[in-house]
Amino acid sequence: MQSRLLSWAVPPALILSLWVTAAEKGDAARGKQVFKRCAVCHGDSGEGNERIAKAFGVAMKPFSSKEVQALDDANLKKGIVEGRGKMRPVSLSDQEAADVIAFLRTLKK
Ligand code: HEC
């Protein structure tokens, strides 16, 4: 009897907890899709587009670099959604921001 009750109660709880973690944590695969909006300026793998860097008059740091990877998630997110320096704010949902940051982490060398 009790095991029957458990078999009904556990799967939804498990699914819910997986879903909650998925929503909080960024997903790099989804982030790769979001990154298409960044790639015009940052290049397909975050190395920075030379022409954009010239046009903005900045040295764009590659995302694989220590400087960028040293920023924590909150700081990265702030720079992305509020803009930083010559970079204009990009409007992203919290989930999209978490996803794109997860993708940035995969670029670390
Ligand atoms: C219109 C061009 C453009 C787009 C689109 C763009 N960026 Fe940028 N980004 C820049 C420029 C230019 C800089 C350099 C800013 C500076 O140094 O003044 C920069 C800097 C950064 C940095 C540097 C680290 C920092 O905070 O100092 C990060 C991280 C970054 N961008 C992430 C993103 C992400 C993620 C996206 C997509 C959601 C994105 N950018 C879209 C132009 C762009």
On Cα atoms only, tilt of 94-106 relative to the major axis of the chain in degrees: 70
Filter on K36/K61; K54/K109; K32/K66 - keep pairs with C-alpha separation over 22 Å: K54/K109
Spacing of the two label points (7 Å from each Cα toward its C-beta) at Q33 and D72, in nm: 3.0
³J(HN,Hα) computed for each position of the stretch 34-47 - Karplus, 6.51 cos²θ - 1.76 cosθ + 1.60, integer Hz, glycine/proline x: 4, 4, 4, 6, 9, 5, 3, 9, 9, x, 4, 10, x, 6
Amide H within-cut-off set for G43, under 5 Å, with H built and near neighbours excluded: G48, N49
Cut-off 18 Å (backbone N to label point 7 Å along Cα→Cβ of K25), residues of the stretch 68-96: 73-74, 95-96
Farthest positive-ward along the stretch 26-106 dipole, Cα basis, beta-carbon charges - from V100, G57, G31: G57
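Here, each number is a calculation from the coordinates, and none is a lab measurement. Nothing here was measured: the structure is a model prediction, and the numbers come from that model. Cβ atoms come from the backbone with ideal geometry, glycine included; neighbour counts cover every protein chain shown.
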